[in-house]
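What follows is a short report on a single structure.
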Amino acid sequence: MALNFHMQGFSGYGVQYSPFFDNRLAVASGSNFGLVGNGNLFILDIDPQGRIHSMNSFMTQDCLYDVAWNELHENQVLVAQGDGSLRLFDTSLQKFPIAIFKEHSKEVLSCNWNLINKQTFVSSSWDGTVKIWTPNRKESLRTLQVQPVMQSQLVDNTIAKTNGSRGTISANKNCIYQAQFSPHDENLVMCCSGNSYVTLFDLRQPNSNNKQQRFLAHNGSETLTCDFNKYRPTVVATSGVDSSIRIWDIRMLVNLGPQSQHINSSAACINEITRAHELAVRKVAWSPHHPNVLLSASYDMTCSVWQDLSYDGSRFTMKTNSIDSSKGFIKRFTGHSEFVFGADWSLWGQPGFIATTGWDGNVFLWNGLQR
Amino acid sequence: MSQRLQNIGNHLSGSNGQSCPITSKRPDDIVIVSAKRSAIARGFKGSFKDVNSDYLLTQFLIQFFNDLPPEIREHQDLIQEVTCGNVLNPGAGATEHRGSCLAAGIPYSVPFMALNRQCSSGLTAVNDIANKIKTGQIDIGLALGVESMTKNYAAVNPLGRISDELKANKEARKCLIPMGITNENVASNFSITRQDQDKFAANSYNKAEKAVKTGLFKDEILPIQLPDGRIVDTDEGPRPNVTPESLSKIKPAFIKDKGTTTAGNASQVSDGVAGVLLARRSVAEKLNLPIVGRYLAFQAVGVPPEIMGVGPAYAIPRVLQDVGLQVKDIDIFEINEAFAAQALYCIHKLGIDINKVNPRGGAIALGHPLGCTGARQIATIMRELQPGQIGVTSMCIGTGMGAAAVFVKE
């Protein structure tokens, strides 16, 4: 049983429930599968009869890839646009944005609002930078440059052995697919990129890339998505082209020594769901209601809900999902008929409601915990 | 637009079912926390001639845990299974070796299993523990192999009590062929000359002699204290100055006139013990245990009993197929030298670079304490490999089998 809204002529890339209204969603979309043409921001309302209708929409000049509600203002919503800009819209107005933030030189692929210091938001781009912004300034507060990865640095022990395509750096290595503020620490920003690395920035440090902590998350294949656990401040999930979901404890970052002036670390992967999907995973999101439940959305047109077996709600179990025949699998949603790009958990009502969107132009609302 | 399309294209082409590099680290890897062995003593006249396998095992376990960090030494109850390979003791030593575990201080709550798959028993014990970790049944397990050929080789008929009905069966009867004769079959069927065998055997002696002299075995050997207080920590098998010529003077042992298998080009009768502690990586990292290597895969295959020595030639390709590797991808092979002829056959059949085989000598020089050998090879290969390198251990198995396993050094 799923509620559905179809965005005629547009493919969905990002979706987020409003933090202020229990029946409102924002969806970022693009025409022609987000490859070329206009974008459209849909503001969707769910009526008491369970029907979804568009309460407002904003056409943009280029495709939209992500969306984030302003945590301080119930009518404001931010979008990440293909032309390198971020735009802030007021849902009570029409047509035009109330602010434009244009610094990125290539597609902006993600945007995320700081849940603690609600004056700031973060964006990540194909241009290889992460930027920190505040709504009241046109210029960014800070630009974080992800340390470029030399071929020889990337090819550490774990990759050196194979020459397969999985071990080579992909052509998309500069893309920073997602950047996110920690929900536990207003100064901590995590991003993941096409060079397979996940980088952690602490904004209290001076702006120098040799203070970065980073780890190779997916053995050289692109890391497309990352998410902070909402209950466990040191636990993050990542996934990407290798279609495995990995869960990390960022306390277990080990400094690899002084051979480079940069801090190169290897992290301890505490759990893995191997081949969680048949194709690359585009989005992982931890549940806002459970410390050990997460959601994944994939190019294989499905979304899955998993239980992280390495944590039983109070302590680490040292179990891994990949040894479990069921892999901690809770539910698979198969309503989409194309790649699924966006997914978000509802904060409202009965725990478990999920919104997903993808290339088929559909927005589906379904319950991920009802089997 | 073309860049955006290319970007998404890369996401799809990257995930077309290829597996990750096998040397990449995963939380559910089965890792080797420690792999150690005792010195190998010569049978009947060596240092262990007056003690039985249970004594060797007890002393070894005491040393083995002393050598481990307190996270496991002081919490031995974290071990959820002990599997011990043994060939010659009655019932594979199920009773006395459980007793050894208790005598060494392992709590009674840790279960024990005795196992016998002939010469592969030590390796099969590792496989048993690894499988239990893989399925999630256990998190940490200890695989052992122990043999006192001195005490048990002559005492019991290794073939056991076999009924006349079985002896009458043509196929079953092949399982009763003495090992030396099976090797003569390999040598004559595949034309492996006495000269080649002696050359191979002398090379094994020379490599082992050099390894002992330069202390290469120091790290893998745990000292065993005898009841009289003497400490044994050096292999007794290797002899100095062995040459193909000196070996050529030894008379054939199994077929008097035309035989090619001699005491010089066959494995020695020996006593020894070895152990491998395995854990899931997520557990080892949580407990901060050392990780020396990783177990990748194991396979056993059946071969004709009358030429059982060809076992590795079939087991190695079978296990490499499972992990998607080829012979040329392997950095070191530890292939048990039950006999020079069968080892040579396997090396040639698979086209293995002979310089990659048993670089510190094999059972011809070091000895072949039957149930211990499979675990002993892992202790040795973990010191031969460099981090990131891949190694294979393998052996032939009496009654017609071969076993092989793949390991990565970390």
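Any read-out appearing in this document is the output of simple, stated calculations on the displayed coordinates, not a laboratory observation. Given the structure is predicted, the values throughout are model-derived calculations rather than measurements. Backbone-built Cβ (ideal geometry, glycine too); neighbour counts: all protein chains shown.
Straight Cα distances below 30 angstrom link B:LYS170 to the lysines B:LYS256, B:LYS258, B:LYS349, with same-chain residues fewer than 8 positions distant left out. Within a straight-line Cα-Cα reach of under 21 Å, B:LYS25 can be paired with the following lysines, leaving aside sequence neighbours fewer than 8 residues apart in one chain: A:LYS161, A:LYS319, A:LYS327, B:LYS132, B:LYS134, B:LYS286, B:LYS409. Please label the shape of chain B as rounded, prolate or oblate, based on the square roots a ≥ b ≥ c of the eigenvalues of the alpha-carbon gyration tensor (a/c under 1.5 means rounded; beyond that, a/b larger than b/c means prolate, else oblate). It comes out oblate by the Cα gyration axes. Summarising the label geometry, the points placed 7 Å from Cα in the beta-carbon direction at A:GLN350 and B:ASP50 lie 7.9 nm from one another.
Expressed as a rounded percentage, what relative contact order does chain B have, with Cα pairs under 8 Å and six or more residues apart? Relative CO of chain B lands at 27 percent. Taking a point 7 Å out from the Cα of B:GLN225 in the direction of its Cβ, the residues of segment B:24-66 whose backbone N falls within less than 13 Å of it are B:59-64, B:66. Considering only B:VAL31, B:VAL269, B:VAL283, the mean-square fluctuation computed in a Gaussian network model of chain B, springs between alpha carbons under 10 angstrom, is largest for B:VAL283. With both labels modelled 7 Å from their Cα along Cα-to-Cβ, the B:GLU306 to A:GLN119 distance reads 9.1 nm.
For segment B:107-264, what does the alpha-carbon gyration tensor say about shape, rounded, prolate or oblate, given a ≥ b ≥ c as the root eigenvalues, a/c under 1.5 as rounded, and a/b over b/c as prolate? Oblate. Pairs of Cα atoms nearer than 8 Å and 6+ residues apart set the relative contact order; for chain A it is 13 percent. Calculation over all alpha carbon pairs of segment A:294-371 in 5 angstrom steps from 0 returns a P(r) of 3, 16, 23, 20, 18, 13, 6, 2, 0 percent.
Cross-link partners for B:LYS210 among the lysines, with Cα-Cα distance under 21 Å and sequence neighbours closer than 8 places in the same chain left out: B:LYS36, B:LYS199, B:LYS218, B:LYS356. In a fully extended conformation the segment linking A:ASN136 and A:ARG371 would gain 80.1 nm over its present Cα-Cα distance, using 0.36 nm per residue. Running a GNM on chain B with Cα contacts under 10 Å, which residue among B:THR399, B:THR58, B:THR95 ends up with the highest mean-square fluctuation? Of the options given, B:THR95 has the highest mean-square fluctuation.
Provide a whole-number value for the mean count of partner chain Cβ atoms within 10 Å of the Cβ atoms in peptide B:1-9.
On the way: counts 8, 2, 6, 11, 4, 2, 11, 10, 2.
Mean shielding by partner chains, rounded to a whole number: 6.
If Lys and Arg each add +1 and Asp and Glu each add -1, what is the summed charge of the other residues whose beta carbon sits under 14 Å from the beta carbon of A:HIS6?
-1
Mean-square fluctuations from a GNM of chain A, with a 10 angstrom spring cutoff on Cα atoms, peak among A:SER287, A:SER196, A:SER57 at A:SER57. Listed from fewest to most Cβ neighbours within 10 Å, the set B:VAL327, A:VAL130, B:VAL33 follows the order B:VAL327, B:VAL33, A:VAL130. In a DSSP loop and with at most 14 other Cβ atoms within 10 Å, the trypsin sites (Lys or Arg not before Pro) in segment B:201-294 are B:LYS218, B:ARG230, B:LYS249, B:LYS256, B:LYS258.
Annotation: Cα Rg of chain A relative to the compact-globule expectation 2.2 N^0.38 Å equals 0.93. Calculate the length of the line joining the C-alpha centroid of segment B:301-366 to that of segment B:114-189, in whole Å. Centre-to-centre distance over Cα atoms comes out at 18 Å. Shown for segment B:184-342 is the translational diffusion coefficient from the Stokes-Einstein equation, using the Kirkwood radius over Cα pairs, a temperature of 37 °C and a viscosity of 0.692 mPa s: 173 µm²/s. The mean number of Cβ atoms from other chains found within 10 Å of a Cβ in peptide A:37-49 is 0, as a whole number. Sites listed here are chymotrypsin sites (Phe, Trp or Tyr not before Pro) in segment B:75-160 whose DSSP assignment is loop and whose Cβ has at most 14 other Cβ atoms within 10 Å: B:TYR108. The local environment of B:GLN321, defined by Cβ-Cβ distances under 15 Å, has a net charge of 0 under the rule Lys, Arg +1 and Asp, Glu -1. Using only the Cα atoms of the protein assembly as shown, build the gyration tensor, take square roots of its eigenvalues as a ≥ b ≥ c, and label the shape rounded, prolate or oblate: rounded if a/c is under 1.5, else prolate if a/b is larger than b/c, else oblate. Note, shape of the protein assembly as shown comes out prolate. Calculated FRET efficiency, B:ILE291 to B:SER248, Cβ-Cβ distance, R0 = 60 Å: about 0.85 to the nearest 0.05.
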